[in-house]
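Laboratory data are not the source of any read-out in this text; all were calculated from the coordinates shown. All values reported here derive from a predicted model rather than from experimental measurement. All Cβ positions, even for glycine, are placed from backbone atoms using ideal geometry, and neighbour counts span all protein chains on display.
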DNA sequence: CCGTATTTGTGTTGAATTGCACAAAACAAG
DNA sequence: CTTGTTTTGTGCAATTCAACACAAATACGG
């Protein structure tokens, strides 16, 4: 089926490359090299070449890479040559910040709905959205065929809500709740926990 | 000095273990095993044992680990057997959410100040804090001997602000701006970019 | 057209990380 | 006290990941 499985660790670096390329393009640059790109993202040139070459031959010897061409290809590889609808679950400060976040534009994502179980929040406006009741979540996810969710509920509720998301057909969860989630193998989870990230640095102080 | 250097990848898992242990302790549990902990965090029991054994012998054969004892030791290893003062730079939605975030309590951190360069934000109240002018940042960081910063400024300003933080003596930056930062080797950076995290998952859809 | 300088893609080597398996320790039950 | 069960810590093997180094392709200046 899939001839050569790409390691997660390589896939994980592609968005970093893409982000740096996007900034180069914004500055009006047309081409770059693995060397230059590597200096921007703090990764060795050899590694960048190997990573990119897993997916095809996108560069030219002597010249390097066309920034636009490489961006187009990375977007297609990452399946963000389209806009994905994303829901936010949990209408607290973090959920609100994500609704207002401008950084999804041009990166492949669009927040389309925000849910909460707290009746005092349901019906309130956050940005351009009205907070929806979580009891209607399954139905809404299914009818809009949404695959991505960002989870910003309290830790104690996170697993329970994640289970509901999985049942509703969500395939990828960006989890802001400070707990590890248990989900089926075919559902991906990425974790964002500021305390964990800070703790990874205090060790070195 | 340090006889055996611990790989970053192991250090990176310790906060995950600690977080799971904290939840076990909250539920009143007293002991656990590498097996049980592994099921909670999705990591093999053998790996957890190896990781922990890098720092000493904290378990008992036949019994497993005392949750409280292991937590105490992990906290000491990660140097969070103290409360670190952290500043927020950038008083937008994300900076505001971080100021209000309850998840730093009991995890080793405390937000003590928030800065912005936008004169229309300086002086405004966010939570219990008044937004400080970024021109006073160096002085404040030095006088309070702050080592940790969370960066929530726009991408175009991030490198410039990071440079200032480094000059001021900041040793660890949690960067929410969607750019790779260039900092001296003795300064650590961790990245949080929701778009990057989502893009790491769309590949698999 | 020729020589020099770049830069990719990749085969090979080396390092880092993970998985396996088991002796030794601790406990529980009878 | 003995036997059976649990579980750690770790040596060794296997796998994964990163670095090195270079042939081949391209560009460019004269």
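Sum -39500 (n - 2.57) across every DSSP H segment of at least 4 residues in chain A, then divide by the residue count to get the 222 nm mean residue ellipticity, nearest 500.
-12500 deg cm²/dmol, from helical runs alone.
Which value in Å is the Kirkwood Rh of the protein assembly as shown over different Cα pairs?
Answer for the protein assembly as shown: a Kirkwood hydrodynamic radius of 22.8 Å.
Below 8 Å, C-alpha to C-alpha, sequence gap of six or more: please give me the relative contact order for the range B:67-150 in percent.
Value for the range B:67-150: 31 percent.
May I have the extent of the alpha carbons of the range A:84-198 along their three principal axes, as whole Å values ordered from largest to smallest?
33, 32, 32
Taking Cα atoms, how many degrees apart are the long axis of helix B:155-168 and the longest axis of chain B, rounded to 10 and kept between 0 and 90?
80
From the P(r) of chain B, could you give the percentage of C-alpha pairs in the tail past 21 Å?
61
Helix A:67-77 against the longest principal axis of chain A: what's the angle in degrees, Cα atoms only, rounded to the nearest 10?
Here the helix axis deviates by roughly 50 degrees.
What does DSSP give for the range B:121-200 in terms of the percent of beta bridges that are antiparallel, rounded to the nearest 5?
20
I need to check one value: relative contact order of the range B:8-77, counting alpha carbon pairs closer than 8 Å and at least 6 residues apart, in percent.
39
If you restrict to DSSP beta bridges whose two residues both lie in the range B:77-140, what percentage is antiparallel, to the nearest 5?
20
Calculate how many DSSP beta bridges within chain B are antiparallel, expressed in % of all such bridges and rounded to the nearest 5.
So the antiparallel bridges amount to about 25 percent of the total.
What's the average, rounded to a whole number, of partner chain beta-carbon atoms within 10 Å of each residue's beta-carbon in A:15-24?
If you average over the peptide's residues, the count of other-chain Cβ atoms is 4.
What nm distances, shortest first, do you get from the label point of residue B:118 to those in the other copies when the point sits 7 angstrom along Cα to Cβ?
Label-point distances to the other copies, shortest first: 2.4 nm.
If packing is taken as the average number of other Cβ atoms within 10 Å across a peptide's residues, how do A:90-101, B:99-110 rank, most packed first?
A:90-101, B:99-110
Among B:175-187, A:165-177, B:128-140, how do they line up from the highest to the lowest mean number of other beta-carbon atoms within 10 Å?
Top of the packing list down: A:165-177, B:175-187, B:128-140.
Considering all projection directions equally, how large on average is the shadow of the alpha-carbon convex hull of the range B:96-156, in square nanometres?
Averaging across all directions leaves 4.8 nm² for the Cα convex hull.
With contacts defined as alpha carbon pairs under 8 Å and 6 or more residues apart, what's the relative contact order of chain B in percent?
Relative contact order, chain B: 13 percent.
Shielding of B:169-175 by partners, i.e. mean partner chain Cβ atoms within 10 Å per residue?
Average neighbour count from other chains, rounded to a whole number: 3.
Taking a point 7 Å out from Cα toward Cβ as the label site, list the nm distances between residue B:100 and the same residue in every other copy, smallest first.
0.8
Using alpha-carbon positions, what is the distance between the centroids of the range A:10-81 and the range A:107-123, in Å?
Cα centroid of the range A:10-81 versus Cα centroid of the range A:107-123: 34 Å apart.
Across peptide B:75-87, what mean number of C-beta atoms from other chains lies inside 10 Å of a residue's C-beta?
For peptide B:75-87, the averaged partner shielding equals 2.
Looking at chain B as a GNM with Cα springs under 10 Å, which of B:30, B:60, B:121 has the largest mean-square fluctuation?
Checking each option, the largest mean-square fluctuation is seen for B:60.
Using a label position 7 Å from Cα in the Cα→Cβ direction, what is the ascending list of nm distances from residue A:156 to the same site in the other copies?
So the label point of residue A:156 gives 4.5 nm to the other copies.
State the Cα centre-to-centre distance between the range B:191-205 and the range A:126-188 in whole Å.
16
Have a look at A:68, A:22, A:54 and tell me which one the Gaussian network model of chain A (Cα, springs below 10 Å) gives the largest fluctuation.
A:54
Tell me, for the rotation carrying B onto A, which chain B residue has the beta-carbon closest to the axis and what that distance is in whole Å.
Checking which Cβ lies nearest the axis yields B:97, 2.
Sticking to Cα atoms, compute the Rg of the range A:8-77 to one decimal and its Dmax as the biggest Cα-Cα distance, whole number, in Å.
Gyration radius and largest Cα-Cα distance of the range A:8-77: 10.7, 31 Å.
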